[in-house]
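The values are calculated or read from the model by the stated rules, or taken from the named source; none is laboratory data. Bear in mind that the values here come from a model prediction, so they are computed numbers and not experimental data. In this analysis, Cβ positions are derived from the backbone assuming ideal geometry, glycine residues included, and neighbour counts consider all displayed protein chains.
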Amino acid sequence: MGAAAGIGRKSIRIANSIINLFVLLAILLLLAYGSYALWDSGQVYAAASPTKYEAYKPTNANQGLSFQQLQAINPEVFSWLTVYGTHIDYPVAQGADNLKYINTNASGKYSLSGSLFLDSDCSKDFSDFSSIIYGHHMDKDTMFGEIGLFADKSYFDARKYGMLYFNGREYGLQFFAFVHADAYDTSVFRTKITGAGAQQSYLNMLLSRATNVRGDVPVTTNDHIVLLSTCSESSTNGRDILIGKITNQTYPDTFKTEITKTASIVPMAGADPGSGAQASPAMKVLIVAACLLILLLIGLVFRKRKRSQKGSMDAAQNRNL
């Protein structure tokens, strides 16, 4: 009986050790997966940050030389869009179709954040009556994540202007309407609208469907307008669209503030602006905490095993007395 009881207790200890090992492995796998998910999410948002392309922004000061360097990396980049009062400050590309830049960044590399891109049916010189620029709706003030905020009237009213660079010079943008539409609404997502009558009907339709309108911005069929379109949080297939008029006159950015830049933020000329994403401080703290927890769990397991072994040795010695 004593021998059988000893074998039973030993079997129970072995079973408990196996169960503890599987529990520990499960916890380690969950921590590893969670840490990787946070790291991967941070990489996506860091790669989508406008600071990644800041050194390439065309300005009067550098006569567009930096922008030309970005074009050397990816010749399909042809324009730059800035919406004053937001973090929207990105290069614009155009592919052979409207699929490429959904998951391709401005440097031509694969990226979940994609790039801002002009509809493939639109002219690069924005000579069409209406042009459409698409971008992902993303959190953390990246890509077109702030377009939906223009649904708020006070936000819309406070942000009237922007800048559109193309053909080697800067043009102004006057935002005059915000529209919420369905992604499959062909009456809104139209290109190559020709004829004054068709253009006026299209403009009237946009204004009639707009939730916010700036009445002091006259728009006629002699103008050129641009629609900034992104996914909407308010409906499954919804799209939020900020509409502006392209003007020869440029406008001062009254929201602009001087930001101290470091070499870790601004890429070197010729470098791939889509690389070198850095983990956020919060994510680093979480990863360190996960590593410490893993070490603590390993320590507890070894301590328990050591106690178990000591108990077995003490029991053996007692049996020999």
Residues being more than 22 Å from the chain's Cα centre (by Cα) and surrounded by fewer than 16 Cβ atoms within 10 Å (Cβ to Cβ) - total across the stretch 135-168: 6
Counted residues, the stretch 134-148 - those being closer than 25 Å to Arg190 by Cβ and either in contact with a Phe, Trp or Tyr (Cβ under 7 Å, 6 or more places away or on another chain) or assigned to a helix (DSSP H, G or I) (or both): 6
Residues that are crowded, with 16+ Cβ neighbours inside 10 Å and assigned to a loop (DSSP other than H, G, I, E, B), drawn from the stretch 194-216: Arg214
Residues that are modelled with pLDDT under 95 and of a type in the set (Phe, Trp, Tyr), drawn from the stretch 204-257: Phe255
